[in-house]
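Some notes on the structure that comes next.
FYI, it's all coordinate maths here, none of it is from the lab. Just so it is clear, the structure is predicted and the values come from calculations on it, not from any experiment. Backbone-built Cβ (ideal geometry, glycine too); neighbour counts: all protein chains shown.
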Amino acid sequence: MDFPNGFLWGASTAAHQIEGGNVHSDWWEREWGRVPGAVVETPSGDAADSYHRYGEDMALLADAGLDTYRFSIEWARIEPEDGWISHAAIDHYRRMVDTAIGLGLRPMITLHHFTNPIWFAREGGWHSDAAADRFARYVEAAMPVLEAVDLVCTINEPNMVSVLADPEVGFPSIGLPPGVPAVTDRLIDAHKRAVDIVRGDGCLAGWSVATQAYQPIDGAEQVAAAYGASREDVFLDAARGDDWIGVQAYTRTKIGPEGPLPIPDDAERTLTGWEYFPPAVGDGIRNAWSRAGVPVYVTENGMATADDARRIDYTRGALEAVHACIADGADVRGYLHWSLLDNYEWGSYRPTFGLIAWDRDTFERSPKPSLGWLGEVARANALR
Ligand code: FCB
């Protein structure tokens, strides 16, 4: 299975999940019990210390044969206080971009990956009417980081930001809350403002949406369509006219006439409890391509497992689905695996998604066989 010429192969990370010491972010506050009602199993602490070890991490990626690194820059470091910009943080992220390019990696930069500065959260976060203005001001300030960058992801999984935005709504054991319409509107506004800003500097702008492969069964087509509308489709539709759309896919949700169905007892589950379902990425690509109609990058895909051979199986299955979408005419331009490193999975280090493991005390990196495997696929630009 050959992939198109120029297809990008890489891996993704997010600042808070790997950098360590992200003390000015709302997640740090939550981890240390300073957000009423939020209970977190483990604080992120030093994470993988990639804030200092990013050069080594990028070199492992490049040496394996991959060509693209998606990482996020941290708003809480760049603007730790309302209106005050840290030039040292800007310089840090410029060095990261330079390091990537020096290693032959194309950097894809995410401007917002779930975390906010504490001050932004305190002022109402995405519930405040000032949210899009505040975000746009940060993006303007971050522009020096993007000088040598072409691919920019404005906001990671805005749909997850919206569905998690209502503190009154608990997280159901199956499916997702419907999202907060006013937050969705502000996120779309913030995205459009960011697209204009980064395009002004010649960047190719998009955002990345969590696609859930909502699969109707027993004639529940309309129920599934209604279910996906606020949780996914509104965000894909908002990407019309962008330069690209990011698809992030892990698992599926079956929808019956009464709504989302539990995972069958005999289904294989990953360490996040999600059903093992590699073709999910194909559902995500088809939905994104038909709704947004712009080039697609798979910006996240992978599985949490302690069995690295199973990670390879999963990725092979996912790449077969990506290839089938391309064969059917979808304009898919790249595949970025989640994740380069085992990382802080929003409350716990147990779900290991990485192509690279690391020692919790010494931070010593240990590439897994899956890194070499994906590198070989990348070098061949083909799945054999
Ligand atoms: C996505 C997030 C990413 C990671 C993976 C497993 O929803 O974007 O940070 O947690 O899931």
Is the shape of region 52-200 best called rounded, prolate or oblate, per the rule: a/c under 1.5 gives rounded, else a/b larger than b/c gives prolate, else oblate, with a ≥ b ≥ c the square roots of the Cα gyration tensor eigenvalues? prolate
Taking each pair of distinct Cα atoms in region 168-324 once, what is the resulting Kirkwood hydrodynamic radius in Å? 16.7 Å
Which residues qualify? For Thr110, with a placed amide H closer than 5 Å and at least 5 residues away or on another chain, they are Phe71, Ser72, Ile73, Cys153
Classify region 212-304 from the C-alpha gyration tensor, please: rounded if a/c falls under 1.5, else prolate or oblate depending on whether a/b exceeds b/c. oblate
With labels modelled as points extended 7 Å from the Cα through the Cβ direction, what inter-label distance (nm, one decimal) is found for Asp307 paired with Asp98? 4.6 nm
Hey, got a sec? Which GluC sites (Glu not before Pro) in region 32-128 land in a DSSP loop and have at most 13 other Cβ atoms within 10 Å? Glu41
Rounded to the nearest 500, the 222 nm mean residue ellipticity computed for the chain from DSSP H runs (n ≥ 4, each -39500 (n - 2.57)) alone is -11000 deg cm²/dmol
Might you report the magnitude of the Cβ-based charge dipole of region 308-379 about its Cα centre, with Lys and Arg at +1 and Asp and Glu at -1, to the nearest 20 debye? 60 debye
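Under a point-charge model restricted to the Cβ atoms of Lys and Arg (+1) and Asp and Glu (-1), what is the dipole moment magnitude of the chain relative to its Cα centre, in debye to the nearest 20?
With only Lys, Arg, Asp and Glu charged at Cβ, the dipole is about 440 debye.
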Just check region 247-384 against the gyration tensor rule for me: Cα atoms, a ≥ b ≥ c as the square roots of the eigenvalues, rounded for a/c under 1.5, and otherwise prolate or oblate depending on whether a/b exceeds b/c. oblate
For the pair Arg350 and Arg316, how long in nm is the line joining their label points, each one 7 Å along Cα→Cβ? 2.9 nm
Coil-residue chymotrypsin sites (Phe, Trp or Tyr not before Pro) of region 26-106, DSSP, other Cβ within 10 Å capped at 12: Trp32
Starting from the amide H of Arg269, placed 1.01 Å from N in the peptide plane, find each other amide H under 5 Å away whose residue is 5 or more places distant or on another chain. Tyr276
At a Förster distance of 30 Å, what's the computed FRET efficiency of Ala380 paired with Asp359, Cβ-Cβ distance as r, to 0.05? 0.40
Taking the chain on its own, what percent of its Cα-Cα pair distances exceed 27 Å? 45 percent
